[in-house]
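Written out below as structure tokens is the structure these notes cover.
The values are calculated or read from the model by the stated rules, or taken from the named source; none is laboratory data. Everything quoted here is computed from the prediction, not taken from an experiment. Counting neighbours? That spans all protein chains shown, and the Cβs are built from the backbone with ideal geometry, glycine included.
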């Protein structure tokens with residue numbers, strides 16, 4: 001499990017009160033656990049607080065939440081390169 005994948009699980013549990021019994025082999029749609037725009041913004045802000053920097057605007061697209069694995073891959077790339085990719 002990557003750092004960003006574990007961070008994602010921790011944020012969903014701590015900030016949004018969602019408990020996920022995670023099996024890294026299984027992908028899940030984050031959007032199933034982030035029901036509205038307020039929760040989405042809270043989720044993004046929590047990630048930025050953990051990282052200590054702002055995410056790029058690419059992360060403000062709700063469609064990014066369709067895959068936890070895709071989201072964490074994009075987040076890993078962003079953390080290592082400082083830029084986001086258009087889609088994963």
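Structure notes:
- Residues of segment 67-84 satisfying the condition of being over 11 Å from residue 4 (Cα atoms) and touching a helix residue (DSSP H, G or I) at 6+ places or on another chain (Cβ under 6 Å): 84
- Looking only at residues of segment 29-52 that are surrounded by fewer than 12 Cβ atoms within 10 Å (Cβ to Cβ) and part of a loop (DSSP other than H, G, I, E, B), we find that the one that is modelled with the lowest pLDDT is 35.
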